[in-house]
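The values are calculated or read from the model by the stated rules, or taken from the named source; none is laboratory data. Fair warning: this is a prediction, and the values are worked out from it, not measured in the lab. So basically every Cβ, Gly included, is an ideal-geometry build from the backbone, and we count neighbours across all protein chains shown.
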Amino acid sequence: MQKRKSKKILKYFFLLLLVGSINNINLNDLKLHNIHNVNIIGLDNEDKRNLLNKVDFNLYNIFSINKDDLIKEIESNALVEKYFILKKYPSSLNINIEKTKFLAKINKNEEIFYLGSNGKFIKNDFSKKQLPFIFGNPDVIQFFSIKKIIDQSKISYKEIKNLYFFPSRRWDLELKDNTIIKLPNDNTYLALNLAIEFLNDRKFKDDKIIDARIENQIILND
C-alpha cells in the first residue's frame, strides 16, 4: 500500500513539473508588446492625427488599452457615424470608421451647421454638397420624423430645396422648382402623397402653392 502511494506521489510530482514547464514556455512566447501600429480607415489625415494625438497608443498593449477612453475619443468626432475596433496580435490596432452623411443645413446661433445622419450638428466649411436648408428651430427628432415621411412618400428627398418648420410644429416643403407644399400636423404622410398626386397631374403644373393642411382637400394657389 505504501509503495502504491509513493508511486502516485511521484507521478503527480512529474506531472506538476511538466505543466509548469509548458506554462513557462507559453508565458515567454506570449510576451505582450506595446501597440506600435494603428491603422485608421475612413477619416482624413487631419482627423487621424487628432485621434492619434489624443490617445497615446504606445503606452498600451492590445489587451491593456482602455477601450472606454478610445471609444470616447472616437465618438467626440461629430463626423463619425459607425466604427469598428479590431485588435490584431501582437501589437496592431485597426479602427474602421464610417462617416456620417450630411442631410441638411441649418442656422444655429448665427452659424451654419450641417445636420448629419448620426443626429449631430457639424460645423463644416469644406462640403460642396447642395443640401436642403432648414428654416425654423426643430429638434433633431422632428427633422428625422419629416425626413422619414418624405422617404416613404411618392417624392424623393433629392427634390427638396428647403424645409420650413413652424412653432405649431408643422412643416412646409419647398421643391427645387420653387413649388411649396403646405403640410398639416397630423396625417402628414397621406397629405404629402395627395399633394404629389396633384403635382403629377399636368393640369396643375403651373400651381406653385399646394395647400394640403385640410384633411382630404387640396387648395391650389398661383
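Structure values in brief
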{"read-out": "Single unsatisfied condition, Asp207 versus (1) part of a loop (DSSP other than H, G, I, E, B); (2) loosely packed, with under 15 Cβ neighbours inside 10 Å", "value": "(2)"}
{"read-out": "Residue, nearest to Ser117 (Cα to Cα), within the range 45-68, restricted to residues that are of a type in the set (D, E, K, R) and exposed (fewer than 12 other Cβ atoms within 10 Å of the Cβ)", "value": "Glu46"}
{"read-out": "Among residues of the range 173-184, those that are closer than 15 Å to Lys148 by Cα and surrounded by fewer than 19 Cβ atoms within 10 Å (Cβ to Cβ), counted", "value": "0"}
{"read-out": "Any chance Ile146 is of a type in the set (A, V, I, L, M, F, W, C) and more than 19 Å from the chain's Cα centre (by Cα)", "value": "no"}
{"read-out": "Only one of Asn137, Asn124 that is in the same structural domain as Asn185 (by TED's automatic domain parsing), on the phi < 0 side of the Ramachandran plot and at pLDDT below 85", "value": "Asn124"}
{"read-out": "Selected residue [part of a loop (DSSP other than H, G, I, E, B), polar (S, T, N, Q) and touching a Leu at 6+ places or on another chain (Cβ under 9 Å)] from Asn185, Asn216, Asn178", "value": "Asn216"}
{"read-out": "Selection count where residues are polar (S, T, N, Q), out of contact with any Leu (no Cβ under 8 Å at 6 or more places or on another chain) and not in a loop (DSSP other than H, G, I, E, B), scope the range 149-170", "value": "1"}
